[in-house]
Amino acid sequence: MLKKLNDFLAGLPMTIVAGAFLLLDLVPHLMEEFGGTSVRLSFLPFDPAWATIVISGIPLLYLAVWRIIHNPGISKISSALLICIAMFAAIAIGDLFAAGEVVFIMAIGALLEEATTNRAKKGLKKLISLAPTKGRRLKDGKEEMIPAEEIRQGDLLRILPGETIPVDGTILSGETSVDQSIMTGESLPVDKSVGEEVFCGTINRFGSIDISATKVGENSSLQKLIRMVQDAENKQSPMQRIADRAASWLVPVALLIAVLAYVFSGNIVTAVTVLVVFCPCALVLATPTAIMAAIGQATKHGVIIKSGEALEKMGKVDTIAFDKTGTLTYGRLDVSDIISFEENISETELLALAASAEARSEHPLGKAIVAHAAAKGVTLTEAEDFKMTAGKGILAEVSGRRLICGNEKFLTENGASIGQKVQAALERLRTQGKASILVADDRKCIGVIALADVLRPEAKDMVSRLADMDTRTVLLTGDHQKTADYFAKQVGISGVRAELLPEEKVQNIEKLQKENHTVCMIGDGVNDAPALKTADVSVAMGSMGSDIAVDAAEVALMSDDISKIPYLKRLSNATVRTIKASITLSMCINFVAIVLSLMEVLTPTTGALVHNAGSCFVVLIAALLYDRKFE
């Protein structure tokens, strides 16, 4: 009950009400303080400041008491405790405005901090929702659908095209292509045959396969992925307030000075004034207001920052780890090379033959070839006798020619010869990280069409700018080593770790952290979520990245413009500098105010106004961040 009341009073609507009552109390106090006629609000049966004290003071008192009871050691002493002492002291001498003012400023600071540090936590729920709920078990020659949790190690399961694989397993019969981007981030479905492993949560795209369950329940790859995100989430600690870190010496110093002021002056008002001006409200506002302005600045540039802690840490980052597919690349296939091995067949003719044969194919490579032909305005011919072998290739007759399109093994199985010239071309394309479709006319390979993911044009310049800022870059990807090496060379990244599963990406980040590097991870897929959570700072590609990756990350690039990474780093540096400047200014104002209080120049009311002015200066300095140029 008390917790619900506290949350209600600390909310934005009630804080606005508290501010309105404090404003009602301000004018009469100003007129009294500066020699004017005392004015009271006769339509209210009580001093308006009492409403502010109750609304903003109760949550502050609750926080101070809770920390005294639950926090260990010196952390029991907090900024909330100091302000509560000042509030009660001001009430004791009858200066209700001063009491209301200090607690109201703290309430504003708490709301600003909450607004900047809350982060979305929906990603884990979405990840859990990907876990398959049923599987098709083969038992005594019959198929039966059973809940996934009832599948046991060694069970024989049948996976039909389009179904999600319910457990980790080994293929016993059948051939297919599996979309395992959820686990590895690979842009292409991976061809699978007898003896190869398949993973829980991945999608069987084409052929029907029978598998033997090897890892079930909590031991499956997807469940491990979920646990890693949970563990990494639990490791994240909220940003500790600077004022609270300083409270261990602020409280005793403030009390000591106040007691000494009373002892030497004999004036309790002087002691209370010291307590009022000593309150670290400007100190509390310094961090959230600067972060708020920086977040607004970043939003204008299409960068969504969920955490103030991320801004603080980004300035310390010295290593940035990139996923490849969808991050450095667009994550879409396009035809990159058309190579004809026959002098009488042009590249356009080869494309027309291959696209005509692949027109009825459901494989992503085939679809990409057809799309490329359409974009080039190539006229296609209706194919006959179309036949597709999952994970290998297709057979079709086009204009009386029997065409075979697929991999080397498929061409060889269908009697087509592959010579030295073809092998050399394939090897060259492999080193460039490209996927190849061989095209054979009956018994002879007549050409090859290569496809590749498309590199983002800004990637190379972005890596170069990071290098100028003494920031190391590494590539962590589930793609093949040759593919990873090729793209890393294109953009200028020297550190390459390829063929990584999600847990291996996490291990690589943890290794870098153990080497005293502050690591930022940038990714776009479900498989990147654990690595994003493990890194010191995480950035997700927002417009095309998976919802889970965006939720797991602290920063999202809504335009998928990775050239914003250097901008983000410079913004972070400026934010940290602004926070330090604001803290220095607030401490100087407090020092001057304490001196003036001891000289009895300030009263609790004027002290509260000076104290408020310091808070306003901090907010104005932070606001300058919003329009600063960082490009």
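If you go through region 561-614 and pick out every residue that is among the acidic types (D, E) and either part of a helix (DSSP H, G or I) or crowded, with 16+ Cβ neighbours inside 10 Å (or both), you end up with 1. Consider region 400-426 and keep the residues that are open to solvent by 80 Å² or more (accessible area, probe 1.4 Å) and without any contact (Cβ under 8 Å) to a residue 40 or more places away in the chain. The one that is farthest from V190 (Cα to Cα) is Q420.
So, of the residues in region 519-528 that are in contact with a strand residue (DSSP E or B) (Cβ under 8 Å, 6 or more places away or on another chain) and either assigned to a helix (DSSP H, G or I) or open to solvent by less than 10 Å² (accessible area, probe 1.4 Å) (or both), which turns out to be modelled with the lowest pLDDT?
Applying the first criterion (in contact with a strand residue (DSSP E or B) (Cβ under 8 Å, 6 or more places away or on another chain)) to region 519-528 yields 519-524, 528.
The next check asks that each one be either assigned to a helix (DSSP H, G or I) or open to solvent by less than 10 Å² (accessible area, probe 1.4 Å) (or both); those that pass are 519-523, 528.
Working: V519: 94, C520: 93, M521: 93, I522: 91, G523: 85, D528: 81.
Looking at residues that are in contact with a strand residue (DSSP E or B) (Cβ under 8 Å, 6 or more places away or on another chain) and either assigned to a helix (DSSP H, G or I) or open to solvent by less than 10 Å² (accessible area, probe 1.4 Å) (or both), I get D528.
In this structure, is A488 part of a strand (DSSP E or B) and among the hydrophobic types (A, V, I, L, M, F, W, C)?
Details: part of a strand (DSSP E or B): no; among the hydrophobic types (A, V, I, L, M, F, W, C): yes.
No; evaluated as a whole, the condition is false for this residue.
Screening M239 on (1) surrounded by fewer than 20 Cβ atoms within 10 Å (Cβ to Cβ); (2) among the aliphatic types (A, V, I, L, M); (3) at pLDDT 75 or above; (4) touching an Asp or Glu at 6+ places or on another chain (Cβ under 8 Å) shows it passes everything except condition (3).
If the condition is being open to solvent by less than 50 Å² (accessible area, probe 1.4 Å) and either small (G, A, S) or over 23 Å from the mean Cα position of the chain (by Cα) (or both), then region 492-518 contributes G495, A498.
For S361, are the conditions met, namely being in a loop (DSSP other than H, G, I, E, B), small (G, A, S) and surrounded by 13 or more Cβ atoms within 10 Å (Cβ to Cβ)?
On the way: in a loop (DSSP other than H, G, I, E, B): yes; small (G, A, S): yes; surrounded by 13 or more Cβ atoms within 10 Å (Cβ to Cβ): yes.
Yes, satisfied.
Matching residues to (1) under 22 Å from I418 (Cα atoms); (2) in contact with a Lys or Arg (Cβ under 7 Å, 6 or more places away or on another chain); (3) part of a helix (DSSP H, G or I); (4) in contact (Cβ under 8 Å) with a residue 40 or more places away in the chain:
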| site | (1), (2), (3), (4) |
| --- | --- |
| V335 | yes, no, no, yes |
| N344 | yes, no, no, no |
| A355 | yes, no, yes, no |
| K367 | no, no, yes, no |
| T381 | no, no, no, no |
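If you check V454, V448 for being open to solvent by 20 Å² or more (accessible area, probe 1.4 Å), of a type in the set (V, I, T) and part of a strand (DSSP E or B), only one passes: V454. Could you tell me whether region 389-398 includes any residue that is open to solvent by 10 Å² or more (accessible area, probe 1.4 Å), touching a residue at least 12 places away in the same chain (Cβ under 8 Å), of a type outside the set (D, E, K, R) and assigned to a helix (DSSP H, G or I)? Among the residues of region 389-398, not one is open to solvent by 10 Å² or more (accessible area, probe 1.4 Å), touching a residue at least 12 places away in the same chain (Cβ under 8 Å), of a type outside the set (D, E, K, R) and assigned to a helix (DSSP H, G or I), which makes the answer no.
In region 306-325 there is no residue that is aliphatic (A, V, I, L, M), surrounded by fewer than 18 Cβ atoms within 10 Å (Cβ to Cβ) and within 39 Å of the chain's Cα centre (by Cα). Scanning region 191-208 for residues that are over 14 Å from T170 (Cα atoms) and not hydrophobic (A, V, I, L, M, F, W, C) gives G201, R205, G207. Could you say whether any residue in region 149-161 is among the small types (G, A, S) and touching a Lys or Arg at 6+ places or on another chain (Cβ under 8 Å)? Within region 149-161, none of the residues are among the small types (G, A, S) and touching a Lys or Arg at 6+ places or on another chain (Cβ under 8 Å).
Could you go through region 226-234 and let me know if any residue there is closer than 21 Å to R152 by Cβ and modelled with pLDDT under 85. Show your work before the answer.
Step one: of region 226-234, the residues closer than 21 Å to R152 by Cβ are 226-227.
From the residues that got through so far, the ones that are modelled with pLDDT under 85 too are 226-227.
Yes: region 226-234 contains one or more residues that are closer than 21 Å to R152 by Cβ and modelled with pLDDT under 85.
Of note, N516 does not satisfy the criterion of being farther than 30 Å from G415 by Cα and assigned to a helix (DSSP H, G or I).
For region 70-84, filtering for residues that are surrounded by fewer than 24 Cβ atoms within 10 Å (Cβ to Cβ) and closer than 15 Å to V54 by Cα leaves 1.
The values are calculated or read from the model by the stated rules, or taken from the named source; none is laboratory data. Every value quoted in this text rests on a predicted model; they were computed, and no experiment measured them. As a convention, Cβ positions derive from the backbone with ideal geometry for all residues, glycine included, and neighbour counts pool all protein chains shown. For the accessible areas, the whole protein counts, side chains as well, though only heavy atoms, and no ligand, DNA or RNA atoms are used. Shrake-Rupley method; radii C 1.70, N 1.55, O 1.52, S 1.80 Å.
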